[in-house]
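Colleague: Structure below; questions to follow.
The values are calculated or read from the model by the stated rules, or taken from the named source; none is laboratory data. Computed from a prediction, not measured in an experiment: that's the story for all the values here. In this analysis, Cβ positions are derived from the backbone assuming ideal geometry, glycine residues included, and neighbour counts consider all displayed protein chains.
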Amino acid sequence: RLEDKSIPELMPRPTSEVKTAVGLDMGLTKLVHCSDGSDIPNPRFATNRKTKRTQLIRQRRVSRAKKGSTNRKKRVAEVAKLHSKIVNRRNAYQWQVANKLVKKADAIVVEDLNIQGMVRRCKPKLEKGTGRFLPNGQSAKRGLNRSISDASWGNLIEKIQYVAAKSGKVLFKVNPRDTSRECSACGHIDKANRDRERFICTECGHFDHADKQAARNIKHKAVVEYSLNLIKVPTDCGKPKQLNLFETPSAELTVPKRRKHDTRKGKRRVPGNLGRQLELFSQDMWNVSSAESPFF
């Protein structure tokens with residue numbers, strides 16, 4: 001082991017110096033949902049349609065080759081090469097995501113998930129008297145388990161923790177209980193609040209995206225648990241113009257302004273183009289200077 005003691009160790013930032021925080025909710029439709037409203041897409045490196053077809057074809061070639069033959073060893077090497085490529089692409093993408101998320105705030109808050117328990121097989125159900133196995137939903141849960149394993153939340157959290165420690169920032173883990181069922185507006189907890197990706201509070205009627213709602217609850221849990229004193233960060237979006245009474249929004253307010261192009265400033269003179277736009281039946285045609293008129 002080599003150690004350079006001349007390089008000082010990076011100490012984690014104390015809780016009293018944390019001024020900004022961002023809550024992260026791991027998902028499958030989107031890889032990460034942030035409490036500030038942004039999200040990170042999920043490329044699905046192992047479960048997308050093209051990769052699954054390529055894996056099926058290469059695995060079929062292995063099964064058709066003779067056991068113990070040189071050809072079978074080549075086909076096995078092709079399958080291993082595909083899996084290695086998937087792992088490398090996933091790791092590279094997760095490092096980019098980790099660096100992007102750590103730059104958002106002084107503290108990063110995630111859920112303390114039991115991922116091994118989430119991908120565990122369903123318990124078998126036996127029918128009394130006959131001893132037959134009843135449907136337990138494992139066939140439907142198999143696709144969910146593969147998607148969770150492909151997202152690799154545990155490795156992503158470890159990379160975020162490493163980059164945060166290297167940048168002098170801190171990572172907080174909170175209890176994931178009721179983060180997706182609690183309303184961030186009134187604090188009401190109910191299982192009926194969430195309907196897939198929609199969140200509608202049965203108490204106050206608050207409507208929001210379920211995963212972004214959960215990300216805000218994760219951040220709020222860290223503020224309460226670790227007694228964080230956060231500051232309000234101004235948003236980048238500009239304030240809308242206040243309309244007066246009986247005023248309708250015009251095109252100047254709704255349509256983005258485009259940069260006006262002047263033909264006189266161009267390097268190449270196009271014959272027939274005047275320096276300014278003339279109206280129909282305009283009498284000022286001959287009043288244009290010789291530099292602007294194509295006739296002189």
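Colleague: I'd like to know if segment 35-43 contains one or more residues that are surrounded by fewer than 15 Cβ atoms within 10 Å (Cβ to Cβ), under 19 Å from the mean Cα position of the chain (by Cα) and either of a type in the set (Gly, Ala, Ser) or at pLDDT below 90 (or both).
Modeller: yes
Colleague: Regarding segment 209-231, can at least one residue be identified that is more than 17 Å from CYS34 (Cβ to Cβ), in contact with an Asp or Glu (Cβ under 6 Å, 6 or more places away or on another chain) and among the β-branched types (Val, Ile, Thr)?
Modeller: No, there is no match, as no residue in segment 209-231 is more than 17 Å from CYS34 (Cβ to Cβ), in contact with an Asp or Glu (Cβ under 6 Å, 6 or more places away or on another chain) and among the β-branched types (Val, Ile, Thr).
Colleague: For segment 1-19, give me each residue that is at pLDDT 80 or above, of a type outside the set (Val, Ile, Thr) and under 26 Å from VAL224 (Cβ atoms).
Modeller: Once the filter is applied, which keeps residues that are at pLDDT 80 or above, of a type outside the set (Val, Ile, Thr) and under 26 Å from VAL224 (Cβ atoms), segment 1-19 yields PRO14, SER16, GLU17, LYS19.
Colleague: For segment 144-166, check the following and say yes or no: at least one residue is closer than 14 Å to MET26 by Cα, touching a residue at least 60 places away in the same chain (Cβ under 8 Å) and part of a loop (DSSP other than H, G, I, E, B).
Modeller: Yes: one or more hits.
Colleague: Hey, among VAL62, VAL76, VAL22, which residue is under 30 Å from SER227 (Cβ atoms) and among the hydrophobic types (A, V, I, L, M, F, W, C)? It would help to see each step written out before you state the result.
Modeller: Values: VAL62 fails: under 30 Å from SER227 (Cβ atoms); VAL76 fails: under 30 Å from SER227 (Cβ atoms).
After ruling out the rest, the residue left standing is VAL22.
Colleague: Looking at ARG60, ARG64, ARG13, can you tell me which residue is of a type in the set (Lys, Arg) and in contact (Cβ under 8 Å) with a residue 60 or more places away in the chain?
Modeller: Numbers: ARG60 fails: in contact (Cβ under 8 Å) with a residue 60 or more places away in the chain; ARG64 fails: in contact (Cβ under 8 Å) with a residue 60 or more places away in the chain.
After applying the criteria, what remains is ARG13.
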